[in-house]
Amino acid sequence: MTETAVFAGPSLRRLRKREGMTQAAMAAVLGISPSYLNLIERNQRPLSARVLVQVIERFDFDPRMLRRDEAIGGVDGLARRLADERFADLGIDRDEVNEFLAAAPQAAAAFARLYDRAGAATGTDGEDALIASRREIERWRNHFADLDHAAEALADEMRLSRGDFGAALTDRLREKHQLSIRILPFDVMPGAIRRLDLHARQLQLSEMLGHASRNFQIALQIAQLEQREAIERLVAGAQLADSGARQFFERHLTGYFAAALLMPYGRFLRACEQTGYDLVVLQRRFGASFEQVAHRLTTLQRVGQRGLPFFMARIDRAGQFSKRFSGASGATLLESEASCPLWIVHRAFERRGELCVQPIIVDGVDAGPKHWLTLAQTVAAAGAVGGEAGYVVVLGVEARLAGDLAAARGRSLAEADAQPIGLGCARCFRRDCRQRSLPPRGTHPSTDRLLRGITPFDFQRDDGAR
């Protein structure tokens, strides 16, 4: 039987130094040679299961210490930080990220901590809070197992497998919390979509909400009433210093439970696999909106029951990200300050309600996947009059994993047929792009009096290269 092995040299070296032992002394206790211990500490040999057992028994070692890199999101979390434009000239690839994390996990954690604080310090107070909250969500890879299990149990108790989700949710509020649902005209609550009136024992909802949004708002209220302690424990465990960050994180967890109640993990994942992740079918089957389904697809990371690793973002007409969830996808393109105009998310605004599909190759990405299948569709802002397209929600999954998706049928997933896009003009060095609006950072505009090219202008690198 083959032994399970892990590379954990830095952890073992820290343990040895904490115990004040030489390599020879520790090797003798573990029953291995000093030279072999030296190789383990340098990550040139794995820490086998047999040796790990010896370490645990002889030194009262907590094996969870081997996974401390999860606090920064593992390789994917570190790669996302190193994809920052400030490091673009270094050409750091995923192999180097792996080596950094394996050889010096504490140094990697220190870098991640400094990066996160520096990122927060460059924004406004509101931006600080959003950044801190988002980092915490990334640390969990947007999967909160306890909330998922609690939501599944409640969905079974409420028999939410039946078709009329709204009736079951309404019954829960009335029978357990003595709250009724009241739909109010737009002019009565023009600046709100939902209000809890404890005096009247009513959850008041705007008439502007669609069916799926009404269900979600009721599920949110149930989450606030029945999962407060569980959510507060998660917020407290995050140790977020800023009150705004705590509020944003709490709001995310409340929405997470509401979505998990409407789309219980096991049934939702089975439906995904049976339908080839057909987004229309999933919306109909679970009474959910496109955006709600898109959110849910980023959370399917239960051990032993993993779904495809999707990323999800919400983008406005100016190309700004108002939501972005990488999940377990390893996507670094969401770290950009702006989106590429060649990405189909921008054309989707003119094709309201239509699912727009585009395979892409992301230029300038050294860490993480580059070849994706992306799916974009317009969504209305909450309570919007007329249902105008306020945003585009985009989903993405690695093209190599997308062959069985309903949206991929009849489409080529070959890299040669994918649309090249960049990380926004400031981080893109493609010279043949007619959509370029400014030169990349670290370059100078270059003009030729005798020749006018097809692009708005050429550029020259600081090192003189063209």
Can you name every residue in the stretch 415-428 that is in contact with a strand residue (DSSP E or B) (Cβ under 8 Å, 6 or more places away or on another chain) and in a loop (DSSP other than H, G, I, E, B)? ALA418, GLY422, LEU423
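A quick yes/no check of all residues on (1) more than 27 Å from GLY77 (Cβ to Cβ); (2) modelled with pLDDT of 95 or more; (3) hydrophobic (A, V, I, L, M, F, W, C):
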position	(1), (2), (3)
GLY123	no, no, no
LEU130	no, no, yes
SER133	no, no, no
ASP164	yes, no, no
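Look at SER180 and say whether it is among the polar types (S, T, N, Q) and closer than 27 Å to SER322 by Cα. Working first, answer last.
Values: among the polar types (S, T, N, Q): yes; closer than 27 Å to SER322 by Cα: no.
No.
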Per the list (1) at negative phi; (2) at pLDDT 75 or above; (3) assigned to a loop (DSSP other than H, G, I, E, B); (4) out of contact with any helix residue (DSSP H, G or I) (no Cβ under 7 Å at 6 or more places or on another chain), residue check on GLY410 breaks on (1)
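The values are calculated or read from the model by the stated rules, or taken from the named source; none is laboratory data. None of these values were measured; they are calculated from a predicted model. As a convention, Cβ positions derive from the backbone with ideal geometry for all residues, glycine included, and neighbour counts pool all protein chains shown.
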